[in-house]
Structure formats: structure tokens, C-alpha cells
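Comments concern the structure below.
The values are calculated or read from the model by the stated rules, or taken from the named source; none is laboratory data. Treat the numbers as computed from the prediction; the structure is a model and nothing was measured. Cβ coordinates were reconstructed from backbone atoms using ideal geometry, including for glycine residues, and neighbour counts include every protein chain displayed.
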Ligand SMILES: Cc1ncc(COP(=O)(O)O)c(C=O)c1O
């Protein structure tokens, strides 16, 4: 029977998240009995720490089952504002500038939708997480890919951004540590980008969802870089998903100028209202019980670091080109070129079909000559998956 459905122009250009598509394919193959090693998922493989689960159970028993205010419960917004103020060196941050959302994904969508619209160009340092492009296009703005140099770990400089800017440029979406490369912008690099954005009157959206997962040095926040400066056009996005192994709880937030926060809350009031009440209480425990949190995060980061060391050792020994990861939990690997216009996708397909290893093609991050391996998976899987990747590259 032919379908009666024609997608509206709102979503005509929308594509499914490629990272989720890979995971779905790997799960389907597994369900069919294939021993697939899934290095596609961008999700910590640890349970949510017990003290957070306990706090959620207590909150449920105490009746945390009803609507809350749209931008979230006040104690959670307060602690988010306090922690932002600490980063800013004691400047005051009002809870009125904080909106809690259903994952940092919704916080990012809210920000893109209220800040940008038709006729606006937004610079996206690329490779970049697949959803920024789609969110900007849903807002009818135009994402402009800005490629960073290979010898700068694919990070962009103010010079790269200026070269891509036009009179229509309204903002930039930063992400450090970066998905998919694991590259990390240091304080000086963030300050230089802020200087340019200030000069040009651009909005800066900083997606800091991986900030707690850093190895050789702590990852600075854009708020650290903004100490002592005007913050008129900054929106910082964070959440509990990656740092606290809380992907399924769906809690993220934005810290923004209060009038922007108000606009985002108004948008959210017509889409999802408040983020799940009990999950907000779980996030409150994660942010306020700092000693337990720090212990839990340190243990997870140590496990990621062991896998990072094992994976990078295999790649280095095989002389394969990859970005040295300083944060997050990804290895970004360059695929031998050949004549294929999308070598990453061809390689990922062969790796899955012939070696039972699922990875994400770089096309998902607008850099088709690469693949992304996630090491948010057991050490043995990471070692075996990288070993088979190396083997296929050599073969
Ligand atoms: C760069 C980046 N930002 C945001 C998100 C979304 O996180 P959340 O689960 O908080 O919506 C992800 C998830 O993969 C991500 O990689």
C-alpha cells in the first residue's frame, strides 16, 4: 500500500542520527546471533552511581511525581548557578539564567531555536557532533562547517573562524572536549575565540557535556575563559549524562543571560514542560554530594583512561593516523583514502560485515575520511575492536 505520508517542509531535510543508526544496526546483528563488538555508542558502560540511584528512590517515596516549574526545581537551578559562579571567579549567576531540560540535547535545541533563525549563519567547528547541524536547520538557520587543521587536532583557531565568517554570521557552537575527536581546547584557545566573538557580536554556545572526562589536564569551561568579562552572549550547556553515567535519566541544562533563559523556558513550556521530576532530584544529588561524585567520576575516568592507553598504543604501533584524545571517550581515526568519496562509511561497513565491529563513519561528523571508535566499552572489547580495525586497515 502506498503511504499517505509526505513529511512537512519542517522535517523534509532531517536525517536520523547516524550514531544512533549504527548502534541500532549493531543491536539488530547481535539479536540475530552475531558476536558484534559495539564501539559505536557514545554512552558510558557503567551503572549510575548508587548514591544517585538512592537519592532518586527517596525522592520518589517522598512524592516527586508531579509537574515542577518548567525551568526546573529551584534547588537544582541554584546549585547549577552556584557552580557556574565558582567558575567565573565569584561573579553572581542567578538561577533565573538556568533552564533544566530533557538532556543537554534539548537544552541545545532550545538555545539554537531561540537564538538563530532564517538568514542567520552559525559557525560549527567540524568535525562536529551530528545534531548541531540538524538543530540549526530546524531553526531554519544555516550551519557553516569550519574545518580545523590536522596538526591542530582538527581544532579551529580564530583565524579559521574569521575566514568562514560573513555579515550574516550570528554565532558559533563550541564543543570541548570534542565529540568525535576527543580534542580539548585549552584556556588560551577558548579566550582567543571569546575575544573574536566579543569583537564580532557573535553568540557562543558552549557544549560542555564531556568536560568532566579529561585525562592529561582538566578541561576548562568557557566560563573559566569568561572570568572578568561581559557575558552578554554566552550560553553554556552541560548535563549529567556522560560524567555521571546518567544517559537514560535525560537531564541537561543551560546557563544563559536571564532573558535568553526566559525565552527558552517559554519554548520548553509548549514542547515538553519540565524535565522528569524524579530525574531532577537524581541530578541534584549528583551535583550536591560532591565527595561521592568526585570519587565516582574519578573511577570512571581511570577506566576510560586505561582503554584510551590500550587503544592508542595499538594505533601508534601500527602507524595509523588518529587524533590524540585528551577528553571524552573517542578515537578518531583516518581511513586510507582511495577513490571512494566516503571512505569512512565504506570502511565502517566492511568492518561490521567482515570483522563484527561496529564504529561510526566520519560522515556522521561531516568528515567522511575518518571513523570514530568509542572506548566507552569494556577494555577487552576496545582492545579486540581496535586490533581488528588495524588488521582491516593493513589488509
Ligand atoms: C557533543 C554532545 N552533546 C550533547 C549530547 C547529548 O547529551 P544528552 O544525553 O545530555 O542529551 C551528546 C550525546 O551523545 C554529545 O555527544
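When 244, 185 are checked against the criterion of being more than 13 Å from the ligand (Cβ to nearest atom) and either out of contact with any strand residue (DSSP E or B) (no Cβ under 7 Å at 6 or more places or on another chain) or at pLDDT 95 or above (or both), 185 stands alone in meeting it.
Those residues that are in a strand (DSSP E or B) and either more than 18 Å from residue 263 (Cβ to Cβ) or within 15 Å of the chain's Cα centre (by Cα) (or both), I need them from the range 107-152; list them, please. Show your work before the answer.
Narrowing the range 107-152 to residues in a strand (DSSP E or B): 121-126, 142-147.
Answer for the range 107-152, where residues must be in a strand (DSSP E or B) and either more than 18 Å from residue 263 (Cβ to Cβ) or within 15 Å of the chain's Cα centre (by Cα) (or both): 121, 123, 124, 125, 126, 142, 143, 144, 145, 146, 147.
Here residue 123 meets each of (1) within 14 Å of the ligand (Cβ to nearest atom); (2) buried (at least 24 other Cβ atoms within 10 Å of the Cβ) with one exception, condition (1). The sole residue among 94, 104 that is under 19 Å from the mean Cα position of the chain (by Cα) and surrounded by fewer than 24 Cβ atoms within 10 Å (Cβ to Cβ) is 104.
Being at pLDDT 95 or above, assigned to a helix (DSSP H, G or I) and away from the ligand (no atom under 16 Å from the Cβ) is a description that applies to residue 53. Residue-level check: of (1) in contact with a strand residue (DSSP E or B) (Cβ under 8 Å, 6 or more places away or on another chain); (2) buried (at least 17 other Cβ atoms within 10 Å of the Cβ); (3) outside any strand (DSSP E or B), residue 252 misses just (3).
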